[in-house]
Amino acid sequence: MDTNGVVKGWAAQRAADVLSAHGVTSFCLNAGGDVVTRGEPEPGRPWRTGVRDPWDPRRMLAVVEQRDGAVATSGTYERGAHVWDGRTGERSLALVAATVVAGDLTTADVLATCVLVLGPQSLGWAVEQGARQAFAVLPDGRIVTAAGPDPTQADAA
């Protein structure tokens, strides 16, 4: 049993924080598919992070555009049903994948895993906990989504 599900996102966020602390203002850091972005790849253009289709790794389900933020996905499509619901002791099977967009990768990673365990009804909860956007793939292929306030609108207010 691996109880370190958050370590990758936390470590990548720490690396991003070190880059920022050393004055790097524009970068995209990818840690096994979990991504942190800062700034822009070129003036006026946001970073683009592809979220893969669980059944076809050559196809994207979505492309997230952002300047400062993070994207994390938790799923069962590569490692099987490896995430357990601590409330029941059973494997999490309600979703094939859950993706969360947040301001930092630790938050996105933790919330993506929580949504995978809690199921599609938890997408709104993830937004309440700090997700900018959350979406999930159901076993029948349907996609469900929830979005928080637009962070660019919040900055403009």
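Considering only residues in the range 2-57 that are of a type in the set (Lys, Arg) and touching a helix residue (DSSP H, G or I) at 6+ places or on another chain (Cβ under 9 Å), the one that is nearest to LEU111 (Cα to Cα) turns out to be LYS8. Scanning the range 45-55 for residues that are open to solvent by less than 60 Å² (accessible area, probe 1.4 Å) and more than 16 Å from ALA98 (Cα to Cα) turns up PRO46, TRP47.
Number of residues in the range 31-52 that are more than 14 Å from the chain's Cα centre (by Cα) and touching a residue at least 40 places away in the same chain (Cβ under 8 Å) equals 0. Residue check: GLU40 meets all listed conditions (1) open to solvent by 10 Å² or more (accessible area, probe 1.4 Å); (2) of a type outside the set (Ser, Thr, Tyr); (3) at pLDDT 95 or above; (4) under 19 Å from GLY130 (Cβ atoms) but one, namely (4).
Comparison of ALA108, ALA131, ALA94 shows that the only residue that is in a loop (DSSP other than H, G, I, E, B), touching a helix residue (DSSP H, G or I) at 6+ places or on another chain (Cβ under 9 Å) and either at pLDDT 90 or above or within 17 Å of GLY32 (Cβ to Cβ) (or both) is ALA131.
Scanning the range 12-31 for residues that are open to solvent by less than 70 Å² (accessible area, probe 1.4 Å), within 30 Å of ALA81 (Cα to Cα) and either out of contact with any Leu (no Cβ under 9 Å at 6 or more places or on another chain) or not hydrophobic (A, V, I, L, M, F, W, C) (or both) yields GLN13, CYS28. Any idea which residue in the range 56-79 is nearest to CYS28 (Cα to Cα), counting only those that are out of contact with any Ser or Thr (no Cβ under 9 Å at 6 or more places or on another chain) and surrounded by 12 or more Cβ atoms within 10 Å (Cβ to Cβ)? Per the criteria, the residue is MET60.
Scanning the range 95-138 for residues that are small (Gly, Ala, Ser), free of Cβ contacts under 8 Å to residues at least 40 places away in the same chain and closer than 23 Å to ASP56 by Cα yields a count of 3.
The values are calculated or read from the model by the stated rules, or taken from the named source; none is laboratory data. Computed from a predicted structure; not experimentally measured. No Cβ is skipped: glycine too gets one built from the backbone with ideal geometry, and neighbour counts run over all protein chains shown. The area values use the complete protein model at the heavy-atom level, side chains included, leaving out ligands, DNA and RNA. Shrake-Rupley method; radii C 1.70, N 1.55, O 1.52, S 1.80 Å.
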